[in-house]
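One structure, pasted below without further comment.
The values are calculated or read from the model by the stated rules, or taken from the named source; none is laboratory data. Remember, it's a predicted structure, so these values are computed and weren't measured experimentally. Quick reminder, even Gly has a Cβ in these numbers, built from the backbone with ideal geometry, and neighbours come from all protein chains shown.
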Amino acid sequence: MGTVVPNSPKLSPENGENSAVVGSNKQLDAGALFVLKSRGSWLHCGYHLTTAIVAPALLSLPFAFALLGWVGGVLCLTVAGLVTFYSYNLLSMVLEHHAAIGKRQLRFRDMAHDILGPGWGRYFVGPLQLGICYGAVIACTLLGGQSLKYIYLVSKPNGSMELYHFVIIFGSLTLVMAQMPSFHSLRHINLVSLFLCLAYCACTTAGAIYIGYSKNAPPRDYSITNVGVNRVLGVFNAFSIIATTYGNGIIPEIQATIAPPVTGKMFKGLLVCYAVVISTFFSVAISGYWAFGNQSQGSVLSNFMVNNHPLLPKWFLLMTNVFTLVQVSAVVLVYMQPTNVVIERAFADPKKDQFSIRNVVPRLIFRSLSIVIATTLAAMLPFFGDIMALFGAFGCIPLDFILPMVFYNVTFKLSKKSLTYWGNTLIAVFSTVLAMVGAVASVRQIILDAKTYRLFANM
């Protein structure tokens, strides 16, 4: 539940950032106390937001454009950007409101508990967020392995190593980095991540333009190939891809890292984040679709090679994939935080120091176990992208498009005659329909691809 802020200004010197939130460590469980330290600035918040949103999943945007066409693709990408910025700002305003009245909420489930009731936080929002974020960890681990394999094949086209080998290598790297003690401790990593995402998006855009103008340019066709029901489901599948790409199910946890007072800081962080979002999402989507048309693949980087023959210099492909590989490792760490909160809450003792043997040993064991499980699942299920599309429909859309509208309307008790109330309601209703149809489209895609599914497949 949300944490009550006492009137006493006295802070304990060793835990000042948490005491500023609650005044007493006894009021916080170990998950909130150790992982969600409130020490950051609005600029740190911008770094965290950027890493959570601007991830290598954006390389699928040209494929979404192929399902929507030029007009539909640009329109959908623009509307989704505006709606998510509005939605995340609403969440921030709700969090600031509760902090101002003495009940700062540090987690998504805290918000659901305080605004909608205990059952919503415990049985719906908490498990949903945890599932989505851990699913993102698995998906990013798989993506990291695929990036390593891509680098390997560019360097050694006839190499014999398989995908699961690279997933394990990437998981081993994550195993070490996952021991970072708190969300706030990732701020410098996420600053590097911000520059890396700008770098690989610039490389991707430049590469697509180069190929588009080269003599080896593939024939471009911008027509939508699907017809009938396939076309309709393809459109909703594209909606789900774009919504998931903008997705960020950890806004409250990111705002929890900000040192009080929090008023206005999240908005500045969102401005930093969306400056990067606009420059990366639109450049990659438009250049990739322009260069490859309806032949755009699930990741536009796959279009840079034809029959294992690179269309760009090898050093350029290697550089682009190294940028992608390193940035996705930061994304894994960000989406591990809700899991880390649960681990610390269950196994750490908030009455002892965070770096005491009593707390370090369980942290090391259970965080490592969490990464081992995620790596194993990523290696076993190389088709996890199809599953994540289903998770995105069920999870990202409710967390990012529906609940923020509901939280805002309920918290501020908006009049049913107000334009804001009906605007929020309309977004929530449309998003609900989108989630249901997107789930149907995702299940259908899983069924179509089921014949190629094989554990530990070398995809």
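If you go through region 204-258, how many residues are more than 22 Å from residue 393 (Cα to Cα) and either within 18 Å of the chain's Cα centre (by Cα) or of a type in the set (Ser, Thr, Tyr) (or both)?
Number of matching residues: 12.
Residue check: is residue 370 touching a Leu at 6+ places or on another chain (Cβ under 8 Å), touching a residue at least 24 places away in the same chain (Cβ under 8 Å) and of a type in the set (Gly, Ala, Ser)? Lay out the reasoning, then the answer.
Working: touching a Leu at 6+ places or on another chain (Cβ under 8 Å): no; touching a residue at least 24 places away in the same chain (Cβ under 8 Å): yes; of a type in the set (Gly, Ala, Ser): yes.
So residue 370 fails the test.
Just checking, which of 121, 73 is closer than 29 Å to residue 147 by Cβ, touching a residue at least 12 places away in the same chain (Cβ under 8 Å) and not aromatic (Phe, Trp, Tyr)? First the steps, then the outcome.
On the way: 121 fails: closer than 29 Å to residue 147 by Cβ.
None of the other options fit; the residue is 73.
Step by step: first the residues of region 174-226, then only those that are of a type in the set (S, T, N, Q) and buried (at least 18 other Cβ atoms within 10 Å of the Cβ), then the one that is nearest to residue 49 (Cα to Cα). Which residue is that? Spell out the reasoning first.
Within region 174-226, the subset of a type in the set (S, T, N, Q) is 174, 179, 182, 185, 190, 193, 204-205, 214, 216, 223, 225-226.
Okay, now just the ones that are also buried (at least 18 other Cβ atoms within 10 Å of the Cβ), so 174, 182, 190, 193, 204-205.
On the way: 174: 20, 182: 16, 190: 9, 193: 11, 204: 22, 205: 22 Å.
Per the stated criteria, the residue is 190.
Give me the pairs, please: first residue somewhere in region 93-118 and at positive phi, second residue anywhere and among the aliphatic types (A, V, I, L, M) and crowded, with 18+ Cβ neighbours inside 10 Å, beta-carbon distance under 9 Å, and either six or more positions apart or on two chains.
So the pair list comes out as 102/5.
Let me ask something else about it. Of 229, 235, 154, 167, which residue is surrounded by fewer than 17 Cβ atoms within 10 Å (Cβ to Cβ) and part of a helix (DSSP H, G or I)?
Being surrounded by fewer than 17 Cβ atoms within 10 Å (Cβ to Cβ) and part of a helix (DSSP H, G or I) holds for just one of 229, 235, 154, 167, which is 229.
Out of 220, 231, which single residue is touching a helix residue (DSSP H, G or I) at 6+ places or on another chain (Cβ under 7 Å) and at pLDDT below 90? Spell out how you get there, then give the answer.
Details: 231 fails: touching a helix residue (DSSP H, G or I) at 6+ places or on another chain (Cβ under 7 Å).
Just one listed residue meets the conditions, 220.
Evaluate the following for residue 243: is it assigned to a helix (DSSP H, G or I), crowded, with 20+ Cβ neighbours inside 10 Å, in contact with a helix residue (DSSP H, G or I) (Cβ under 7 Å, 6 or more places away or on another chain) and among the small types (Gly, Ala, Ser)?
Values: assigned to a helix (DSSP H, G or I): yes; crowded, with 20+ Cβ neighbours inside 10 Å: yes; in contact with a helix residue (DSSP H, G or I) (Cβ under 7 Å, 6 or more places away or on another chain): yes; among the small types (Gly, Ala, Ser): yes.
So residue 243 fits the description; yes.
Right, here's the next one. Could we say that residue 161 is of a type in the set (A, V, I, L, M, F, W, C), surrounded by fewer than 23 Cβ atoms within 10 Å (Cβ to Cβ), at pLDDT 90 or above and outside any helix (DSSP H, G or I) here? Before the answer, list the steps.
On the way: of a type in the set (A, V, I, L, M, F, W, C): yes; surrounded by fewer than 23 Cβ atoms within 10 Å (Cβ to Cβ): yes; at pLDDT 90 or above: no; outside any helix (DSSP H, G or I): yes.
Against the criterion (of a type in the set (A, V, I, L, M, F, W, C), surrounded by fewer than 23 Cβ atoms within 10 Å (Cβ to Cβ), at pLDDT 90 or above and outside any helix (DSSP H, G or I)), residue 161 does not qualify.
If you don't mind, there's one more thing I want to ask. Could you identify the single residue in 106, 95, 142 that is assigned to a loop (DSSP other than H, G, I, E, B), hydrophobic (A, V, I, L, M, F, W, C) and crowded, with 24+ Cβ neighbours inside 10 Å?
Numbers: 95 fails: assigned to a loop (DSSP other than H, G, I, E, B); 142 fails: assigned to a loop (DSSP other than H, G, I, E, B).
After ruling out the rest, the residue left standing is 106.
Further question: For region 301-340, how many residues are out of contact with any strand residue (DSSP E or B) (no Cβ under 9 Å at 6 or more places or on another chain), surrounded by 18 or more Cβ atoms within 10 Å (Cβ to Cβ) and assigned to a helix (DSSP H, G or I)?
Within region 301-340, the subset out of contact with any strand residue (DSSP E or B) (no Cβ under 9 Å at 6 or more places or on another chain) is 301-303, 305-310, 313-315, 318-340.
This time we only want the ones that are surrounded by 18 or more Cβ atoms within 10 Å (Cβ to Cβ), so: 301, 303, 320-321, 323-340.
Pick out the ones that are also assigned to a helix (DSSP H, G or I) and you get 301, 303, 320-321, 323-335, 337-340.
Summing the residues that are out of contact with any strand residue (DSSP E or B) (no Cβ under 9 Å at 6 or more places or on another chain), surrounded by 18 or more Cβ atoms within 10 Å (Cβ to Cβ) and assigned to a helix (DSSP H, G or I) in region 301-340 gives 21.
Search region 20-38 for residues being touching a Pro at 6+ places or on another chain (Cβ under 7 Å), of a type in the set (Gly, Ala, Ser) and crowded, with 22+ Cβ neighbours inside 10 Å, and hand back the single one that is modelled with the lowest pLDDT.
Applying the filter and picking the extreme gives 30.
Identify all residues within region 341-380 that are crowded, with 22+ Cβ neighbours inside 10 Å and either touching a strand residue (DSSP E or B) at 6+ places or on another chain (Cβ under 9 Å) or outside any helix (DSSP H, G or I) (or both); write none if there are none.
Selection gives 348 alone.
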